[in-house]
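Single-structure report; data block below.
The values are calculated or read from the model by the stated rules, or taken from the named source; none is laboratory data. Fair warning: this is a prediction, and the values are worked out from it, not measured in the lab. Positions of Cβ are backbone-derived with ideal geometry, glycine not excepted, and every protein chain shown enters the neighbour counts. To get the accessible areas, we keep the full protein, side chains included, count just its heavy atoms, and leave off ligands, DNA and RNA. Shrake-Rupley method; radii C 1.70, N 1.55, O 1.52, S 1.80 Å.
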Amino acid sequence: MKHRISAGLHWLLLARRGRAARCARAAAGQPTDLDDRMMNRAIALAEQAAARGEVPIGAVVYGSPGTADEGRIYAEAFNRREELRDPSQHAEFTAIVGAARQLGDWRLNHCSLAVTLEPCPMCAGLIINSRVGRVIYGADDPKAGAVRSLYALLGDRRLNHRPVVIPHVREEPCSRLLSSFFARLRERRRERSGNA
């Protein structure tokens, strides 16, 4: 005898399967639609940084796919090192600290971090110490990247926490923002040295 289920239960089961599929993609290191949306927000924050003369890096900490708070933004930030004259004011560092304060807990296992540039050693250390569950980043950083370019801190088996890492999400716009910012900076420096 075939079992019949109600339409409501049928849609609930389909929703759970969809959520399970998103969780599986997220755990397998593949970006989800949510990750793309959050990276778009990080790019918008990076553009705000550039408009203020800061290196254009933006970051968002949000509830990971498949968690109870999926997609909820806990904190977001952009670089403010020049403005505040503070070397710790990296976008991801500030967003992680803000999320911990918002949640009232230093453990961010259920959170994802979307950041436009591969984290540096300082920020990678904070990602490990705050137990961020997933790290999604846009462009590699060949000069200071501590996720895979220069170092592989987030995958080091000697450490007690290794988040899922998803590189190169929206890589082209993230790279373009940084390249154009530094090209303008070099041009301004040439103009000043030519006028001196």
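Odds and ends about this structure:
- Residue count for the stretch 120-164, restricted to those that are under 19 Å from residue 29 (Cα atoms), under 15 Å from the mean Cα position of the chain (by Cα), among the hydrophobic types (A, V, I, L, M, F, W, C) and assigned to a loop (DSSP other than H, G, I, E, B): 3
- Taking residues in the stretch 131-144 that are under 11 Å from residue 114 (Cα atoms), and partners anywhere that are surrounded by 18 or more Cβ atoms within 10 Å (Cβ to Cβ) and basic (Lys, Arg), the pairs with Cβ atoms closer than 8 Å and at least 6 places apart or on different chains are 138/170.
- Residues located in the stretch 67-116, provided they are charged (D, E, K, R) and either part of a helix (DSSP H, G or I) or open to solvent by 70 Å² or more (accessible area, probe 1.4 Å) (or both): 72, 76, 80, 81, 82, 83, 85, 92, 101, 107
- Qualifying residue in the stretch 186-196 (condition: open to solvent by less than 40 Å² (accessible area, probe 1.4 Å), not charged (D, E, K, R) and not in a loop (DSSP other than H, G, I, E, B)): no
- Of the candidates 50, 15, the single residue that is assigned to a helix (DSSP H, G or I), at pLDDT below 95 and small (Gly, Ala, Ser) is 15.
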